[in-house]
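Peer 1: If you scroll down you'll find the structure; I have some questions about it.
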Amino acid sequence: MLSWDAWSSYLRRCHVVSQYRGSFLGMLGAAICVVATWFHSTGAPAWGCLVILSIGSLLLGFANGIVNFFRFAAADAVPHKRSFAISAVLFGGDVAALSGPPLGLWTKTLIWEFGASYIAIIILFFCAFLVLLLVNIPELTKPDLTGAVPPRSIWGLLKVPRLTLALVTGTIGFGCMVLLMGLIPVVMRSLSFEEAEISHVLQVHGVGMFLPSLVLGFVIERFGTMVTIFTGLLLLLGANGFMITGTGYWQFMVGMLFCGFGWNLSFIGSTTMLIECYL
């Protein structure tokens, strides 16, 4: 996550996003992780395996930092339907939500532990590379930028109230989702839930994260970004409140589903508001 954020900041300053670079970094990072898991399976020192795994995970974070910009590229490609473009990009995450957990369970011990899982990530990044070869978003030239808003400093942008609101609400929504997504599997494991049950909860959560994207473009056009964002934050609050009431399987399932819904609304809503502010 730290490398994702740091790399995203670097890309923002450079004003360049290479769609191919993300795939190559992802494949390289996953390959290094394969080596780490193989060393671990042979009984190599744990600290050495951890160092190698950390380097691979760092590169995977860089790759995700690039992927994180795809929604902005889509918004630039369809300027008159930005909310729809952002929603369409995130809706693709439903494929990952449905296929990711089963793929992880199937590959966990296919060869040595987690080795096949990282090999699967290499294959997925390569497939993404092949798809991206078909994408051609032309770079803006000077004539295209005629009449555009002059560049502003980061402090100048933060003086815009709606932009600050978009940053704060987006951060809150994303932070709540990451906290729960990382914490709930640990809690369920401590309560002796089976791996399959934990996987199903995460799968439903992933569907909740991306399924609303199918209609969210229409929702934003109808009700606006402000209503969308705060509805998402209320859903996140409700998800937390619901899971506090108990530790049953269905409480985790329903709570994480609504956590996904809340993240989707707050994330896409704040992204759309952010784009509206700097254009």
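The values are calculated or read from the model by the stated rules, or taken from the named source; none is laboratory data. Bear in mind that the values here come from a model prediction, so they are computed numbers and not experimental data. Here Cβ is always computed from backbone atoms with ideal geometry, including for glycine, and neighbour counts include all displayed protein chains. When the accessible area is computed, the model is the full protein with side chains, heavy atoms only, and any ligands, DNA or RNA have been set aside. Shrake-Rupley method; radii C 1.70, N 1.55, O 1.52, S 1.80 Å.
Peer 1: Rounded to the nearest 20 debye, what is the charge dipole size of the chain about its Cα centre when +1 sits on each Lys and Arg Cβ and -1 on each Asp and Glu Cβ? Present the calculation step by step, with values, prior to reporting the outcome.
Peer 2: On the way: 13 positive and 11 negative charges, 148 e Å.
My answer is approximately 720 debye.
Peer 1: Computed on alpha carbon atoms, what radius of gyration and Dmax characterise the chain, expressed in Å?
Peer 2: For the chain, the Cα-based Rg and Dmax read 20.0, 63 Å.
Peer 1: Let me ask something else about it. How much solvent-accessible surface does residue 80 expose, in Å² to the nearest 10, with a 1.4 Å probe and all protein chains in place?
Peer 2: Roughly 140 Å² of residue 80 is accessible to a 1.4 Å probe.
Peer 1: Got a sec? What order do 126, 62 fall in by accessible area at 1.4 Å, biggest, i.e. largest, first?
Peer 2: 126, 62
Peer 1: Where the centre of each part is set by its Cα atoms, how far does the range 253-279 sit from the range 197-247, in angstrom?
Peer 2: Their Cα centres are 8 Å away from one another.
Peer 1: Would you mind working out the accessible area per residue for the chain, using a 1.4 Å probe, and quoting it in Å²? Don't skip to the answer; put the middle values down first.
Peer 2: Details: 15450 Å² over 279 residues.
Normalised by residue count, the accessible surface of the chain is 55 Å².
Peer 1: Carbon and sulfur atoms: what percent of the 1.4 Å accessible area of the range 150-211 do they account for? Please report the intermediate quantities before stating the final value.
Peer 2: Values: 2590 of 3470 Å².
Result for the range 150-211: 75 percent of the exposed heavy-atom area is carbon or sulfur.
Peer 1: Determine the calculated [θ] at 222 nm for the chain from helices alone, applying -39500 (n - 2.57) to every DSSP H run no shorter than 4 residues and normalising by the residue count; nearest 500 deg cm²/dmol.
Peer 2: Details: 13 runs with 221 residues, N = 279.
Value at 222 nm, helices only: -26500 deg cm²/dmol.
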